[in-house]
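To keep things clear, I will list the structure first and then write my remarks on it.
The values are calculated or read from the model by the stated rules, or taken from the named source; none is laboratory data. Since the structure is predicted, the reported quantities are computational estimates derived from the model, not experimental observations. Quick reminder, even Gly has a Cβ in these numbers, built from the backbone with ideal geometry, and neighbours come from all protein chains shown.
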Amino acid sequence: MKISENVEMIDGTMANVYVIKRKDRIIQIDTGMKNNFQKIVQYYEHNGSKPDIIFITHYHMDHVGSLREMVEKYNPVIISSNIEKDYLSGKIKPEKPRSILGKLVYKMMPLLDFKDVMTPDYLNDPNIDVILTNGHTPGSSSLLLKDERIVFIGDAAREKDGELEIDRTFTLDQKAALDSLNKIKSLKPVLVLPGHGNPVKLE
């Protein structure tokens, strides 16, 4: 699905996977579930391209599920926040959500042991900001395209009936998540691209 001239969403993934086309590289946002890998590959084969960078908004399985396969096939640079990179590398073990459903999903979490995860400084792009929007996880982050006024927020909030709301089932710190949602809203005018649901335009 085409979002703008330089941003697309790969159709049919569990959590939304976005592709950003910059002048010198392609940045992918998150990777969906493991069984979404072929859909992502089909997208790149159709477009004759590949991801140079994968930005991970947070470590939940529906966002990193096919990361290992993506690394094996394309060898992209993995980028995440300073906090979240320690979860992706296995240095810190993910916390269990408090909800019953959250605890069940936690048991299915894949092994996280990715090496050489880079911090946002690696992007070195004056038109890209990475913003800490924690609460859902300790290091959840959003990526803002300043030149296009588009922000990719992962699960900092989800879209429901055209509005942004906190996913309380899987969010670890409700207060921090609400603060982060307010931070996202303060970016307007901006087009918000969530990990779940449709784009939301804030004006």
Which listed residue is touching a Phe, Trp or Tyr at 6+ places or on another chain (Cβ under 8 Å), in contact (Cβ under 8 Å) with a residue 12 or more places away in the chain and within 30 Å of ASP24 (Cα to Cα), from ASP125, ASP155, ASP129: ASP155
Scope segment 144-203; condition in a strand (DSSP E or B) and aromatic (Phe, Trp, Tyr); matching residues: PHE152
Subset of segment 15-55 (residues that are among the small types (Gly, Ala, Ser), without any contact (Cβ under 8 Å) to a residue 40 or more places away in the chain and out of contact with any strand residue (DSSP E or B) (no Cβ under 7 Å at 6 or more places or on another chain)): GLY48
Segment 69-113: number of residues that are touching a Ser or Thr at 6+ places or on another chain (Cβ under 6 Å) and either modelled with pLDDT of 95 or more or not aliphatic (A, V, I, L, M) (or both): 5
Sole residue being at pLDDT below 95, of a type outside the set (Phe, Trp, Tyr) and under 19 Å from PRO120 (Cα atoms), chosen from ASP52, ASP24, ASP62: ASP24
From ASP167, ASP179, ASP155, ASP129, residue being among the acidic types (Asp, Glu) and modelled with pLDDT under 95: ASP167
Strands (runs of 3 or more DSSP E) contained in segment 10-61 and holding at least 2 residues of a type in the set (Lys, Arg): none
